[in-house]
């Protein structure tokens, strides 16, 4: 394995971690807002708050690692993506600020957990953040960035009129809702809250269909727009096939109301296979056709240092998340709401 492949693999692993953890976080915010608007907050709000309290501040650690690593391993990405992503990333930062502000107001305000305005802002922002960030995947497919006088320029008109853009945006939103619903189904069951678990199970089954349809829609759009990438995806069809099989097993377990914990782990494996299959099929391009992982790789000494630093960071981050889960999220007293959530 070359240093270039090792570097992009480490970064892709961090990005996948963010996709899973952030999806649960974003979806939980949306379901909390939806429960308030529909009068079901007495069923869901307590369970969702117990999840959000320990983890809302650590979700973006994975994303920070990823962005720092991209620039560190592949310095030219700052040149190509720095300008073209100015608006999408700025929008995402604003939305992240809105979510953080909501949580502060909601947690320390006089009407904790029941302010519909804060909850709505938090929930909508949680869906718009992955939608805005997912545009990067569309841009990387090529056809939207041109070099004019040596500077990369993004064609916003072509980007927002492209069906591929909206297919990816829809998939990102569907994935957030589905991943979060499946996890919260399990989490509510761990809390022995059958009403919340049954309601989240219902939401998970509802969003399973749109998720699969949107995934197929992306494949169709890739075939129309980026033939080379589509052909590479066909080469790793078996990874996508296994992912689809795991999806069906997960939905079956939810339908049968059995082994929700296993369903969550199958979901994570399902998305891991699809996510890494997508990355493999996109290799070696970071921005088609302008930039590959070989065109922009840093020097060997820096690469080795970064790999060691990121692996060390991962070795610290994973145990930290495990401790958060063990001491808070899945602590028997905490998950049942028998102790102060903010201690």
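A few comments on the model shown:
- Restricting attention to region 139-154, the residues that are without any contact (Cβ under 8 Å) to a residue 12 or more places away in the chain and either at positive phi or buried (at least 19 other Cβ atoms within 10 Å of the Cβ) (or both) add up to 2.
- Filtered residue count, region 182-193, keeping only those that are in contact with a helix residue (DSSP H, G or I) (Cβ under 8 Å, 6 or more places away or on another chain) and farther than 18 Å from residue 270 by Cβ: 6
- Considering the conditions (1) farther than 30 Å from residue 183 by Cα; (2) surrounded by 15 or more Cβ atoms within 10 Å (Cβ to Cβ), residue 294 is excluded by exactly one of them, (2).
- Taken residue by residue, region 248-255 has no member that is outside any helix (DSSP H, G or I) and over 30 Å from residue 58 (Cα atoms).
- Taking the criterion of being crowded, with 16+ Cβ neighbours inside 10 Å, free of Cβ contacts under 8 Å to residues at least 40 places away in the same chain and more than 23 Å from residue 143 (Cβ to Cβ), the only residue of region 211-239 that qualifies is 212.
- Residue in region 279-289 that is surrounded by 16 or more Cβ atoms within 10 Å (Cβ to Cβ) and under 13 Å from residue 73 (Cβ atoms) present: yes
- Qualifying positions in region 272-294 - touching a strand residue (DSSP E or B) at 6+ places or on another chain (Cβ under 8 Å) and either farther than 25 Å from residue 151 by Cβ or not in a strand (DSSP E or B) (or both): 284, 290, 293
- Qualifying residue in region 265-275 (condition: buried (at least 17 other Cβ atoms within 10 Å of the Cβ), modelled with pLDDT of 95 or more and over 30 Å from residue 71 (Cα atoms)): yes
- Those residues of region 155-178 which are surrounded by 15 or more Cβ atoms within 10 Å (Cβ to Cβ), in a helix (DSSP H, G or I) and free of Cβ contacts under 8 Å to residues at least 24 places away in the same chain, in sequence order: 166
- No other residue among 71, 47 is farther than 23 Å from residue 311 by Cβ and part of a helix (DSSP H, G or I) apart from 47.
- Some residue of region 115-138 being outside any helix (DSSP H, G or I) and either free of Cβ contacts under 8 Å to residues at least 24 places away in the same chain or surrounded by fewer than 17 Cβ atoms within 10 Å (Cβ to Cβ) (or both): yes
- Flag for residue 92 being at pLDDT 80 or above and within 16 Å of the chain's Cα centre (by Cα): yes
- Filter result for the condition that a residue is without any contact (Cβ under 8 Å) to a residue 12 or more places away in the chain, in a loop (DSSP other than H, G, I, E, B) and more than 20 Å from the chain's Cα centre (by Cα), over 39, 82: 39
The values are calculated or read from the model by the stated rules, or taken from the named source; none is laboratory data. Since we're looking at a predicted model, the values are computed, not measured. Every residue, glycine among them, receives a Cβ derived from its backbone with ideal geometry; neighbour counts consider all protein chains shown.
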